[in-house]
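So the structure is just underneath, and the comments pick up after that.
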Amino acid sequence: MIIKDIQTLVVNAEMRNWVFVKIITDQDLYGWGEATVEWKTRAVVGAIDDLKPLLIGKDPRQIKQNFQIMTKHGFWKLGIIGMSAISGIEHAMWDILGKSLKTPVWQLLGGKVRDKVKIYTHLGMGDMKAVYRDTMKVSELTDHAQKLVDLGYTAFKVVFIPFTHYTVLSEDLKNVNLLMSSLRNKVGDDIRIMVDFHGRCGSGISAIQYIKELEPYNPMFIEEPIQPGDTSTLLQIKEAINCPLATGERLIGLQEFEPIFYSRAIDIAQPDLNHCGGLLEAKGISAAAAVANIGIAPHNPNGPIAAAAALHFAVSTPNHIIQEVMDQSVPWYNDVISKTSVLRKGD
């Protein structure tokens with residue numbers, strides 16, 4: 001079996017374009033992957049086109065060998081665009097391998113360690129543009145939260161931390177406390193709430209000030225309080241707070257996670273299987289995390305093919321905690337695929 005062609009299909013999903021990757025073989029088998037990168041659609045499609053000549057004529061089932069070809073045969077170090085392109089291609093190769101063996105990908109990744117996967121979604125569901133704002137009224141926030149709970153979700157993530165320089169205004173601290181306390185009062189103590197900072201804090205101390213306001217309301221974790229790559233400030237934050245700290249969605253490859261794991265600067269790692277290099281690279285990241293007693297909660301606000309890959313990973317990864325899935329991001333999310341996962345109430 002050899003690769004005859006690699007194609008891309010772009011689907012506009014409002015806040016982002018889903019970039020689907022299709023590998024076609026000479027044996028009427030094909031595989032799908034996803035390489036979505038927000039606001040970088042043309043760049044990642046171009047990167048896939050650039051990688052295609054390296055893979056035409058290769059056996060798609062030799063996944064590690066093909067990964068090495070894509071990462072080692074170019075002169076330049078690959079960043080988020082190149083690694084996202086590789087990730088989508090790698091997903092499609094796993095799809096072909098599973099189809100050729102008539103075996104689910106989770107089985108090929110080592111077999112399942114659980115029968116069901118805890119998931120969470122974003123507060124906004126299909127109205128993402130309404131919640132990705134610098135300001136949010138309490139009533140809007142709590143109404144969105146109640147809708148999620150009514151749908152059966154037991155966990156969700158919110159974004160309401162303002163962009164902050166080195167110090168925090170007292171009014172911003174009060175507002176963050178009000179929003180979090182209102183959410184907790186609305187949904188009760190049994191619903192898990194995660195707070196994503198989107199790297200908006202300009203210093204460790206400003207992040208700590210916000211987190212101290214959130215701690216009384218038992219967040220499941222605090223996500224990306226500062227911009228990625230600053231391990232020493234992450235460690236400063238972790239040592240000052242009393243709730244789990246997570247990061248990793250903008251890191252690519254095991255090499256970029258290693259300093260965080262070595263210093264134990266986080267509690268939860270969040271590789272994005274669309275960006276980190278794919279399923280095999282994510283497996284390496286999760287194994288390294290396990291050595292440091294760090295859990296895995298992969299980032300995934302992407303499309304349904306990325307979600308499918310993430311669920312195969314989740315089923316087969318021992319230190320997996322919870323999976324982000326944006327299955328309400330657009331009303332027609334599940335219409336673009338033939339089979340969907342099943343959401344049931346409870347854990």
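Kindly list the residues of segment 1-42 that lie in the label zone of Lys58, defined by a backbone N under 11 Å from the point 7 Å along the Cα-to-C-beta vector.
3
Would you please give the residues with an amide H less than 5 Å from that of Glu249, counting only those at least 5 places away or on a separate chain, with H modeled from the backbone geometry?
Gln270
Residue by residue through segment 275-290, what is 3J(HN,Hα) from phi via Karplus (6.51 cos²θ - 1.76 cosθ + 1.60, θ = phi - 60°)? Round to whole Hz and write x for glycine and proline.
10, 6, x, x, 5, 5, 5, 5, 4, x, 5, 5, 5, 5, 5, 4
Taking R0 as 45 Å, what's the FRET efficiency between Leu173 and Tyr262 from their Cβ-Cβ distance, rounded to 0.05? Show your work: numbers first, answer last.
Values: r = 33 Å, r/R0 = 0.73.
Efficiency, from the Cβ-Cβ distance: 0.85.
With Cβ to Cβ distances under 12 Å as the rule, what net charge do the other residues near Ile241 carry (K, R +1; D, E -1)? It would help to have the intermediate numbers written out before the result.
Values: positive: Lys212, Lys238; negative: Glu213, Glu215, Glu239, Asp267.
In short, -2.
Which value in Å does the Kirkwood hydrodynamic radius of segment 223-347 take, with 1/r averaged over all unlike C-alpha pairs and then inverted? Each step should come with its number before you reach the end.
On the way: mean 1/r = 0.0661 Å⁻¹.
After inverting the mean inverse Cα-Cα distance, the result is 15.1 Å.
When Ile80, Ile161 are ordered from fewest to most other Cβ atoms inside 10 Å of their Cβ, what list results? Please list the in-between numbers first.
Details: Ile80 18, Ile161 28.
Lowest count first: Ile80, Ile161.
Starting from the Cα of Lys102, step 7 Å along the direction of its Cβ; do the same at Trp332; then give the gap between the two resulting points in nm.
Going by the 7 Å Cα→Cβ label model, 3.5 nm.
Of all chymotrypsin sites (Phe, Trp or Tyr not before Pro) in segment 232-283, which ones are in loop regions per DSSP and have a Cβ with at most 11 other Cβ atoms within 10 Å? Kindly include the intermediate steps, with their values, before the conclusion.
On the way: sites: Phe257, Phe261, Tyr262; in loops: none.
Here no loop site has a sparse enough neighbourhood.
Where Lys and Arg each count +1 and Asp and Glu each count -1, what net charge lies around Ala310 among other residues with Cβ under 11 Å from its Cβ? Before the final figure, lay out the partial values.
Working: positive: none; negative: Glu34, Asp272, Glu324.
After counting each charged neighbour, the total is -3.
Could you tell me the number of lysine pairs in segment 119-336 with C-alpha atoms less than 24 Å from each other, where the two lysines are 8 or more residues apart or belong to different chains?
20
Roughly speaking, what is the centre-to-centre gap between segment 1-40 and segment 285-301 when only Cα atoms are used, to the nearest Å?
26 Å
Taking neighbour counts of Cβ atoms within 10 Å as a proxy for exposure, in what order, fewest first, do Trp32, Trp76 appear? Intermediate results must be reported in sequence, preceding the final value.
Details: Trp32 20, Trp76 6.
Listed from fewest to most nearby Cβ atoms, that is Trp76, Trp32.
Taking the DSSP beta bridges in the chain as the whole, what percent of them are antiparallel, to the nearest 5?
On the way: 15 of 35 bridges.
If I count the DSSP bridges inside the chain, around 45 percent turn out antiparallel.
Quick check on the chain: helices-only [θ] at 222 nm, where DSSP H runs of length 4 and up contribute -39,500 (n - 2.57) each and the sum goes over total residues. Nearest 500, please. It would help to have the intermediate numbers written out before the result.
Numbers: 12 runs with 144 residues, N = 347.
Value at 222 nm, helices only, nearest 500: -13000 deg cm²/dmol.
Can you compute the FRET efficiency between Ala240 and Val291 using 1/(1 + (r/R0)^6), with r the Cβ-Cβ distance and R0 = 22 Å? Round to the nearest 0.05. Can you show the working numbers first?
Working: r = 25 Å, r/R0 = 1.12.
Efficiency at R0 = 22 Å is approximately 0.35.
Where a number appears in this text, it was derived from the coordinates with a stated rule and is not lab data. This one's a predicted model, so the numbers in the text were calculated from it and none came from an experiment. Glycine gets a Cβ as well: all are built from the backbone with ideal geometry, and neighbour counts include every protein chain shown.
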